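Below is one structure, written out as structure tokens, with a few remarks after it.
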Amino acid sequence: MSFLSKQFIDVIQWTEPEDGILAYRYPMEDMEIQNGGKLTVRESQMAVFVNEGKIADVFGPGLYTLSTQTLPILTYLMNWDKAFKSPFKSDVYYFSTRVETNQRWGTATPITIRDKEFGAIRMRGYGIYAYKIADPKVFHQKISGTRDIYRVGDLEGQLRNTIVARMTDSFAQSTVPFLDMAANQELLGQKIAENLKPAYADFGLSLESFVVENISLPDELQKMLDQRISMNMIGDMSKYTQFQVAQSMPIAAANEGGGAAGVGVGLGAGLAMGQTMMNAMRPQEPSGGGGGGVTPAPAGPAGPTEPGAPAAVAGGTKFCINCGHAIPKAAKFCSECGSTQG
């Protein structure tokens with residue numbers, strides 16, 4: 001009666017109830033496998049039989065009959081007992097061999113690398129990868145063990161840290177400048193994947209794809225890089241300065257003084273900057289000496305002064321800092337508005 005009261009398992013099978021399960025231990029709980037029972041392993045699955053704490057065999061997709069005639073041929077046990085009684089007990093583990101897609105990776109903090117062009121820099125990166133279980137025996141021995149359920153999330157931290165470590169090694173061995181790496185992210189991903197595959201295989205996994213979505217510098221370094229790119233795009237600094245002066249004249253005319261005073265200040269500043277530019281661009285006259293050079297004709301008397309133009313003042317002129325009126329350089333006060341000059 002005690003023998004008949006035992007629970008026997010006729011069919012062993014498992015369907016994934018949800019995503020993210022890598023390994024599942026079939027619940028035995030004192031139940032024994034009936035001699036002649038069926039083991040169903042579906043596509044995208046593999047099953048591992050464990051007897052007396054040792055892996056007996058690994059089963060791929062298919063339907064298997066479990067009996068005292070078939071089990072003794074199990075491959076991983078050197079001294080499999082051919083005389084065990086029926087029914088018998090073994091632990092059965094299922095492993096999902098589906099590709100786990102859209103797994104995220106990223107550098108939690110910037111990593112420091114030596115760049116060929118910029119020297120030592122700190123860099124960040126992120127992307128996605130995909131993997132699957134390739135060797136359930138190794139994965140069971142090194143990762144999942146005897147746990148009832150082992151999930152993707154349980155392995156995520158280990159894989160992410162492995163990626164960052166191998167990624168740093170890849171950059172250290174590379175002589176490609178940072179700018180070239182950023183422009184060839186697909187090739188960079190392939191290079192990192194080559195270094196990662198042996199580490200994944202050591203866990204019983206297969207790295208199916210690895211994508212670098214973005215690599216960048218920290219904000220402070222990115223600003224410096226942007227400035228450098230801007231300088232390279234500017235090219236001729238003298239022409240760029242002239243352009244900036246021309247652009248600033250309308251802004252100076254609309255300064256906070258407002259009204260006619262603002263216009264005067266802007267006009268005065270613009271005239272001064274324009275005069276400086278004209279002097280810089282004026283070609284130098286040849287130095288004196290023999291040689292038949294043509295002597296320029298003396299300048300004639302100045303024509304009448306246009307209305308509104310400042311009169312010439314001995315010793316040069318300057319512009320009032322308040323109203324923009326032309327005054328002698330030595331003047332301490334403006335004759336127009338009376339404000340003190342700095």
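The values are calculated or read from the model by the stated rules, or taken from the named source; none is laboratory data. Since the model is a prediction, treat every value here as computed from it, not as a measurement. Glycine gets a Cβ as well: all are built from the backbone with ideal geometry, and neighbour counts include every protein chain shown. Heads up: the accessible areas ignore ligands, DNA and RNA and are worked out on the full protein's heavy atoms, side chains in. Shrake-Rupley method; radii C 1.70, N 1.55, O 1.52, S 1.80 Å.
For this structure, a couple of remarks:
- Residue in region 146-161 that is assigned to a helix (DSSP H, G or I) and of a type in the set (Ser, Thr, Tyr) present: no
- Any hit, region 176-185, residues being among the hydrophobic types (A, V, I, L, M, F, W, C) and modelled with pLDDT of 90 or more: no
- Taken over region 17-37, the residue count meeting the criterion of being modelled with pLDDT of 80 or more and surrounded by 15 or more Cβ atoms within 10 Å (Cβ to Cβ) is 6.
- Selected residue (criterion: most open to solvent (accessible area, probe 1.4 Å)) from residues of region 183-216 that are in a strand (DSSP E or B) and among the small types (Gly, Ala, Ser): Ser209
- Number of the condition not met by Val99 [criteria: (1) modelled with pLDDT under 85; (2) among the hydrophobic types (A, V, I, L, M, F, W, C); (3) under 30 Å from Ala165 (Cα atoms)]: (1)
- Condition check for Ser170: open to solvent by less than 50 Å² (accessible area, probe 1.4 Å), within 19 Å of Ala108 (Cα to Cα) and not basic (Lys, Arg): yes
- Residues being under 30 Å from Gly53 (Cα atoms), of a type outside the set (Gly, Ala, Ser) and either in contact with a Gly (Cβ under 8 Å, 6 or more places away or on another chain) or surrounded by 13 or more Cβ atoms within 10 Å (Cβ to Cβ) (or both) - total across region 150-167: 8
- Region 114-135, residues that are buried (at least 17 other Cβ atoms within 10 Å of the Cβ) and either within 17 Å of Lys197 (Cα to Cα) or without any contact (Cβ under 8 Å) to a residue 60 or more places away in the chain (or both): Gly127, Tyr129, Tyr131, Lys132, Ile133, Ala134, Asp135
- Among residues of region 165-182 being without any contact (Cβ under 8 Å) to a residue 60 or more places away in the chain and either within 19 Å of Glu100 (Cα to Cα) or not in a helix (DSSP H, G or I) (or both), the one that is farthest from the chain's Cα centre (by Cα) is Thr175.
- Residue ID - nearest to Gln185 (Cα to Cα), chosen from residues in region 136-149 that are polar (S, T, N, Q) and surrounded by fewer than 17 Cβ atoms within 10 Å (Cβ to Cβ): Gln141
- The set of residues in region 326-342 that are part of a loop (DSSP other than H, G, I, E, B), open to solvent by 70 Å² or more (accessible area, probe 1.4 Å) and not acidic (Asp, Glu) comprises Lys329, Ala330, Lys332, Ser335, Gly342.
- Meets criteria (more than 29 Å from Pro61 (Cα to Cα) and in contact with a Leu (Cβ under 6 Å, 6 or more places away or on another chain)) for Met181: yes
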